1. Of all residues in the stretch 26-64 being more than 12 Å from the chain's Cα centre (by Cα) and polar (S, T, N, Q), which is nearest to ILE89 (Cα to Cα)?
2. Here's a check for you: in the stretch 1-25, which residue that is within 16 Å of the chain's Cα centre (by Cα) and of a type in the set (Val, Ile, Thr) is surrounded by the most Cβ atoms within 10 Å (Cβ to Cβ)?
3. Output the residues belonging to the stretch 41-82 that are of a type in the set (Gly, Ala, Ser) and at pLDDT 95 or above.
4. Looking at ASN50, is it of a type outside the set (D, E, K, R), touching a residue at least 40 places away in the same chain (Cβ under 8 Å), over 30 Å from THR3 (Cα atoms) and crowded, with 18+ Cβ neighbours inside 10 Å?
5. Which condition number does TRP128 fail, the rest of (1) loosely packed, with under 15 Cβ neighbours inside 10 Å; (2) without any contact (Cβ under 8 Å) to a residue 24 or more places away in the chain; (3) within 17 Å of the chain's Cα centre (by Cα); (4) under 25 Å from ASN5 (Cα atoms) being met?
6. Taking the condition of being outside any loop (DSSP other than H, G, I, E, B) and more than 15 Å from the chain's Cα centre (by Cα), how many residues in the stretch 65-81 meet it?
7. So which residues in the stretch 26-47 are surrounded by 11 or more Cβ atoms within 10 Å (Cβ to Cβ) and acidic (Asp, Glu), if there are any at all?
8. Filter the stretch 53-77 down to residues that are of a type in the set (A, V, I, L, M, F, W, C) and touching a residue at least 24 places away in the same chain (Cβ under 8 Å) and give me whichever is farthest from GLU43 (Cα to Cα).
Amino acid sequence: MNTENKINELNKKAILSTLWIFVLLNITFRDIHQLFKAGFLEEMMTGTVNGVVITEEFMLIAGILFEIPIVMIVLSRVLRYTANRWTNIIAGVLTIIFIIANGVSDLDDIFFVTVQIIGLLIIIWYAWKWPKQIS
């Protein structure tokens, strides 16, 4: 692989990794933002949030799903072309499903979900359009 192709591949990897950071920050801020809603902390203390009982199993599944964007920050930089491309596409789709399944409860949720999904669609599109580098 020549120097120009290596630089192009590194740029693609850096852009994908940065997009995952963008999505992760939006997911995190959406969750933190909820804490400022009147009565939300009290609701959390009951063990049921928005009608969902918060169990150990729920927390484990949520933790695993939340780990996808975190690990993609690193994997986008270290995986080789084919694995990188498909991992970004699959992780992007899974994260969109997770975000949609989480639902929205108010206007700020709609805003954050929209930004997150746009970011993820850009990741999927960018990975899909990533041309094979010629050695």
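The values are calculated or read from the model by the stated rules, or taken from the named source; none is laboratory data. What you see is a predicted model; the values in this text were computed from it and never measured. Virtual Cβ from ideal backbone geometry, glycine too; neighbours counted across all protein chains shown.
1. GLN34
2. My answer is VAL23.
3. The first filter runs over the stretch 41-82 and keeps only residues of a type in the set (Gly, Ala, Ser), leaving 47, 51, 62-63, 76.
Across the stretch 41-82, the qualifying residue is only SER76.
4. No, not satisfied.
5. (2)
6. Going through the stretch 65-81 one residue at a time, the tally reaches 3.
7. Answer for the stretch 26-47, where residues must be surrounded by 11 or more Cβ atoms within 10 Å (Cβ to Cβ) and acidic (Asp, Glu): ASP31, GLU43.
8. VAL74
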